[in-house]
Amino acid sequence: MIQYDFSLKQFNTFGIDVKAKAFSSFSTVDELVKIIQTKESSLPLFILGGGSNILFTKDVDALVLKNNIEGIECVAEDSSFVEYKVGAGVVWHQFVQYTVEKGLGGIENLSLIPGSVGASPMQNIGAYGTEIKDCFVSLDALNLETLKIEYFDKDKCNFGYRESVFKRELKNKYIITSVTYRLSKKPKLNTEYGAIKEEIERMDYQEISVKSVSQAVINIRNSKLPNPKILGNAGSFFKNPVISYAHFIQLKEQYPNIPNYPQANGEIKIAAGWLIEQAGWKGKRVENCGVHEKQALVLVNYGDAKGNEIYALSSQIIHDIHQKFGIVLEREVNIF
Ligand code: EPU
């Protein structure tokens, strides 16, 4: 059923009240193809997953399609791994919980990331030393021109830090319908990330397992990141910038404690949250929006913020960080 002038407030975690010209959800590929074939040909398509990585700054003059394709199906298994083909509409954390309950390893560090399974490859979601590309096998996506399903292996997705081909060259050309992940029966737990180790010790678990790592991540996230159901947000608003070694040495002289992560190519990744906090923005409120008090990388909607208020705040922050550190922050969230 297509609905018109439909509010998207409940469908984006920032809680921005914009209207879609038309809106429809779909639960199967057939249903999706039918909707596309019957749509008014003038309307462009706009695909919505969990709505957890988007900032709407205007009404959407399009047919917005909400992916509700469900299902978790085991498609391969041997003594060391299991592969699940997962409907793109499945809530990401529900899939994580499903694998954690079975003691399968691979995505436990990605517990509680908001959004849907279909959105997870879009920006190669990552946290606490893990990225989905490490467990990703393949995905199926509907080509919006041919209306045929196409298969993408890992190479074709061209994953990078919070990047994939679907955020760049193929933007708005495909709808991801399912994703296949490979989980391990012999998990190699990744507790290197400092905060995880500390949290596991604090929790006093008998053994370190997929479950305890997942619980540690849940605890850390809950303590730092605002729950979008209570305070609108889209997780990290900016990417952590990567700068040259020479630039880093220069900054380190002035700021000996600057958090830094050397990259394979010799460049240095810097914590954007730290830069924003140093510049005095942490916890700052500007009318209806602001910078989260516990994690400066997260912008929040205190109530009825408009998308362009939040966008304007992000521009001010980018400008200020450039002035103070000579670094240009990039937005991680998709802006519409
Ligand atoms: N920091 C500050 N002040 C802050 C925030 C962070 O000084 O307000 C410092 C921390 O003390 C630490 C460093 O910055 O030394 C890194 O902080 P943290 O470990 O919290 O991670 P992050 O770099 O801020 C990234 C991801 C998060 C992910 C965490 C954990 C990006 C853009 N963000 O944040 O991802 O959960 O690491 O792995 O890469 C998301 O993408 O939406 C997201 C939440």
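No value in this document is a laboratory result; all are computed from the given coordinates. Computed from a predicted model, the values in this text were never measured in an experiment. Neighbour counts are summed over all protein chains in view; Cβ atoms, including those assigned to glycine, are modelled from backbone coordinates with ideal geometry.
Comparing 134, 59, 204 in a Gaussian network model of the chain (Cα springs below 10 Å), the most mobile by mean-square fluctuation is 204. The GluC sites (Glu not before Pro) of segment 190-223 that meet both conditions, a loop assignment by DSSP and at most 14 other Cβ atoms within 10 Å of the site Cβ, are 192, 207.
Going by C-beta contacts inside 10 Å, put 236, 120 in order with the fewest on the left.
Working: 236 20, 120 30.
With the sparsest Cβ surroundings first, the list reads 236, 120.
With contributions of -39500 (n - 2.57) from each DSSP H run of at least four residues, the per-residue ellipticity at 222 nm computed over the chain stands at -7500 deg cm²/dmol. Return the loop-located GluC sites (Glu not before Pro) in segment 99-145 (DSSP other than H, G, I, E, B) with at most 13 other Cβ atoms within 10 Å of their own Cβ; answer none if there are none. Those that pass, being in a loop and sparsely packed, are 145.
The loop-placed trypsin sites (Lys or Arg not before Pro) in segment 210-282, going by DSSP, that have at most 10 neighbouring Cβ atoms within 10 Å of their Cβ come out as 229. A straight Cα-to-Cα reach below 17 Å connects residue 102 with the lysines 85, 185, 186, 188, 211, residues fewer than 8 places away in its own chain not being considered. Annotation for segment 20-71 versus segment 120-188: alpha-carbon center distance of 19 Å. Each peptide in 151-157, 262-268 gets a packing score, the mean of other Cβ atoms within 10 Å over its residues, and the list from highest to lowest is 151-157, 262-268. Residues whose amide H comes within less than 5 Å of that of residue 237, counting only those at least five positions distant or on another chain, are 298, 299 (H built at 1.01 Å from N in the peptide plane). Relative protection proxy for 241-249, 303-311, from highest mean packing down: 303-311, 241-249 (other beta-carbon atoms within 10 angstrom).
Considering only DSSP beta bridges where both residues belong to segment 1-158, give the percentage that are antiparallel (nearest 5). Write out the running numbers ahead of the final one.
Working: 17 of 27 bridges.
Antiparallel: roughly 65 percent of the beta bridges in segment 1-158.
The antiparallel fraction among DSSP beta bridges confined to the chain stands at about 80%.
A simple rule links phi to the HN-Hα coupling: the Karplus curve 6.51 cos²θ - 1.76 cosθ + 1.60 with θ = phi - 60°, which for segment 226-239 gives x, 6, x, 6, 9, 9, x, 6, 10, x, 4, 7, 10, 7 Hz, with x for Gly and Pro.
Within the set 66/284; 171/306; 34/173, which residue pairs have Cα atoms separated by over 28 Å? Flagged as over cut-off: 66/284.
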